[in-house]
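Data first, discussion second: the structure below is written as structure tokens.
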Amino acid sequence: MSANSAPDTVLVNLKVQDPSPERARDIANAMSDEFVVMVRELETPEFGGAPAARVVVEQRADAPSTPVSPKVKRNLALGFAVGLLLGIALAVLRDRLDNTVKDRRTAEDVTGAAMIGTIPFDKERQVTQSIDFASGNSASAESFRELRTNLQFLEVDNPPRVIVVTSSLPEEGKTTTAINLARVLAESGKSVCLVEGDLRKPRVSKYLGVVGSVGLSSVLAGRARLDEVMQQSDAGTMQILASGPIPPNPSELLGSDAARHVIASLRERFDYVIVDASPLLPVTDAAVLSAMADGALLIARHGTTRKDQLTRATGNLAAVGARVLGTIITMTPARRKGVYEYKYYYESDAVTPPAPAPVPAARPVGEAVPRHRSEPSSYER
């Protein structure tokens, strides 16, 4: 209940709010009647006579037909406006505090090298890391073909041939990138050797299903010759040099003269040598291999690799005089609808009967109805 007087008048306005419209009306009328009686008693002289002032009820209260609160439209509008402002503020704050690598500009500013490719996130790569380029025109396959083109145009007069693929930390997609980069180069008719240079946690032999018990470490330790451990892949012009037994001193073994001799021998035999190396920040293996190669491709995982991690990885390569040929951002968000994709189909001369027209499957259509609790209505008079 509340009361106020209108300026420059003798009117007193009484307001009563209650969840029940009838109770609000009854309380307002009862208060008005009691106010009349109280003023008459106060203004009547002690020894009798007419009251000096009196109060009359100008208008009786009626039961209102619509509640005064809550004001649904106003509350929804205010809620939408406040939510929108909070959302924008949260997005801006998150963007300001986010120090991960997500775009070309960030990658190039941190490494000082051009970004030569982006690899989209593909669920199939979690099951089968190798892409069949002969029969596939997926977004992943096209991204590696674009990477191949950009790599060939890095230095037209003296293109890099021995390339180390590495990253700042594990789980950033370097092994999958190295495998498919080697395969896409082999697709163009080039002779390629894929070297499993990660002698700590080798993954190439596991992903490609080749023998990993003999390989690079066997040659470096003098237990086998290079020709004896080379393995042919399903890609015609691509061969694989597995890691071999895991040695106790990978860094020393990779930095030896024997490793330089192996790299030089592979350079003479193949058009391209792709080396899958260890991550740069935990160990120095990749930096040692990069110093022997023509340069390194630095992998950054979209939204995961931080700028400071990529900066430290670049510094590790610069410390040994290795070149960063370019950066690649992996696991980028998939393309949205509206992005055009071209597919080419080749028809043979054989005549095949037309396939029956597919019957469209019924698709259930449902509509979720939001439920909410509304505050009790309030009436006033």
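Looking only at residues in region 8-34 that are in contact with a strand residue (DSSP E or B) (Cβ under 9 Å, 6 or more places away or on another chain) and of a type in the set (Ser, Thr, Tyr), which one is surrounded by the most Cβ atoms within 10 Å (Cβ to Cβ)?
SER32
Name, by its number, the condition in (1) without any contact (Cβ under 8 Å) to a residue 12 or more places away in the chain; (2) more than 18 Å from the chain's Cα centre (by Cα) that does not hold for THR111.
Every listed condition holds for THR111 apart from (1).
What is the one condition in (1) assigned by TED's automatic domain parsing to the domain that holds GLN17; (2) of a type in the set (Phe, Trp, Tyr); (3) over 26 Å from VAL10 (Cα atoms) that PHE35 does not satisfy?
For PHE35, the exception is condition (3).
As an exercise: evaluate GLY215 against (1) surrounded by fewer than 20 Cβ atoms within 10 Å (Cβ to Cβ); (2) within 13 Å of VAL262 (Cα to Cα) and give the number of the one condition it does not meet.
(1)
Please enumerate the residues belonging to region 55-74 that are out of contact with any strand residue (DSSP E or B) (no Cβ under 9 Å at 6 or more places or on another chain) and either surrounded by 12 or more Cβ atoms within 10 Å (Cβ to Cβ) or in contact (Cβ under 8 Å) with a residue 60 or more places away in the chain (or both).
VAL57, ASP62, VAL72
Pick from ALA3, ALA52: which is of a type in the set (A, V, I, L, M), part of a loop (DSSP other than H, G, I, E, B) and either loosely packed, with under 10 Cβ neighbours inside 10 Å or on the phi < 0 side of the Ramachandran plot (or both)? Step through it out loud before you land on a result.
On the way: ALA3 fails: part of a loop (DSSP other than H, G, I, E, B).
The conditions single out ALA52.
Would you list the helices (runs of 4 or more DSSP H) that sit entirely within region 213-279 and hold 3 or more residues that are under 21 Å from ARG148 (Cα atoms) and in the same structural domain as GLY295 (by TED's automatic domain parsing)?
Details: elements: 216-220, 226-229, 250-254, 257-269.
Passing ranges, in order: 257-269.
Does THR176 count as under 20 Å from the mean Cα position of the chain (by Cα) and not hydrophobic (A, V, I, L, M, F, W, C)?
Numbers: under 20 Å from the mean Cα position of the chain (by Cα): yes; not hydrophobic (A, V, I, L, M, F, W, C): yes.
Spelling it out, THR176 is indeed under 20 Å from the mean Cα position of the chain (by Cα) and not hydrophobic (A, V, I, L, M, F, W, C).
Across region 179-207, what is the number of residues that are assigned to a helix (DSSP H, G or I), among the aliphatic types (A, V, I, L, M) and more than 28 Å from the chain's Cα centre (by Cα)? It would help to see each step written out before you state the result.
Pass one, region 179-207, residues assigned to a helix (DSSP H, G or I): 179-187, 204-207.
If we keep only those that are among the aliphatic types (A, V, I, L, M) as well, we get 179, 181-182, 184-186, 204.
Adding the requirement that they be more than 28 Å from the chain's Cα centre (by Cα) leaves 185-186.
Qualifying residue count for the region: 2.
If only one of THR284, THR305 is in contact with a Ser or Thr (Cβ under 9 Å, 6 or more places away or on another chain), more than 22 Å from LEU154 (Cα to Cα) and surrounded by fewer than 24 Cβ atoms within 10 Å (Cβ to Cβ), which one is it? Show your work before the answer.
Working: THR305 fails: surrounded by fewer than 24 Cβ atoms within 10 Å (Cβ to Cβ).
Result of the check over THR284, THR305: THR284.
The values are calculated or read from the model by the stated rules, or taken from the named source; none is laboratory data. Every value quoted in this text rests on a predicted model; they were computed, and no experiment measured them. Cβ coordinates were reconstructed from backbone atoms using ideal geometry, including for glycine residues, and neighbour counts include every protein chain displayed.
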